[in-house]
Amino acid sequence: MKTIIEFLPDELGNEPVLDLINDIRLKVDNDADMMQLFTFIMRGLEFLEIHGLDAMDTYFIDETESGFPYTIRLVKELRNHVPLLEFRVNWKNAGAFRCIFFEHRVGNLQVLLMVKAVLKQNTYSAEFERIAVEAELVYKDFTSNPEKYINFQGVDQYE
């Protein structure tokens with residue numbers, strides 16, 4: 001099965017997940033922790049695209065820029081917001097990058113739809129809870145009208 005990642009636009013046409021990743025990228029020149037976080041986010045997204053949702057059962061193992069091991073479970077279910085999932089990357093002083101997404105299958109194609117993201121500094125985050133509720137609304141709307149969010153032309157090649 002092939003996996004692709006799509007970044008969903010919000011009601012204004014912005015792509016909140018990509019916007020946050022870009023904000024982090026803009027800080028890498030001045031902040032080594034942000035550089036490491038950004039690197040792990042990008043490598044983690046590549047890992048997710050290669051492994052799809054099998055990433056839930058596989059640890060992401062990498063190295064820091066200085067050669068130290070880094071291991072994390074990149075994908076978890078959001079227990080209180082099923083069927084939403086969470087893409088997770090943590091790095092020391094930079095914080096915890098959290099991206100809420102869900103899966104949609106078309107034939108043999110697994111589409112991972114990235115909805116909202118936050119960079120949190122504490123275990124509990126009101127902002128994270130807010131975006132989880134917003135992502136639930138997007139998911140409900142998506143299930144009734146997926147064509148509003150993604151273009152299915154050419155997808156039949158995966159069936």
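What residue, of ALA135, ALA117, ALA96, is outside any loop (DSSP other than H, G, I, E, B), under 16 Å from the mean Cα position of the chain (by Cα), modelled with pLDDT of 95 or more and farther than 22 Å from GLU11 by Cα? On inspection, the qualifying residue turns out to be ALA96.
Between VAL106, VAL17, VAL28, VAL75, which is in contact with a Cys (Cβ under 7 Å, 6 or more places away or on another chain), open to solvent by less than 80 Å² (accessible area, probe 1.4 Å) and among the β-branched types (Val, Ile, Thr)? Going through VAL106, VAL17, VAL28, VAL75 in turn, just one is in contact with a Cys (Cβ under 7 Å, 6 or more places away or on another chain), open to solvent by less than 80 Å² (accessible area, probe 1.4 Å) and among the β-branched types (Val, Ile, Thr): VAL17.
Of all residues in segment 31-49, those satisfying the criterion of being open to solvent by 40 Å² or more (accessible area, probe 1.4 Å) and charged (D, E, K, R) are ASP31, ARG43, GLU46, GLU49. Scanning segment 1-14 for residues that are open to solvent by 70 Å² or more (accessible area, probe 1.4 Å) and in contact (Cβ under 8 Å) with a residue 24 or more places away in the chain yields MET1, LYS2, GLU6.
Restricting attention to segment 120-132 and to residues that are open to solvent by 50 Å² or more (accessible area, probe 1.4 Å) and part of a helix (DSSP H, G or I), the residue that is farthest from THR143 (Cα to Cα) turns out to be ALA126.
The values are calculated or read from the model by the stated rules, or taken from the named source; none is laboratory data. Predicted model only: the values in this text are computed from it and were never measured. So basically every Cβ, Gly included, is an ideal-geometry build from the backbone, and we count neighbours across all protein chains shown. Ligands, DNA and RNA are excluded from the accessible area calculation, which covers all protein heavy atoms including side chains. Shrake-Rupley method; radii C 1.70, N 1.55, O 1.52, S 1.80 Å.
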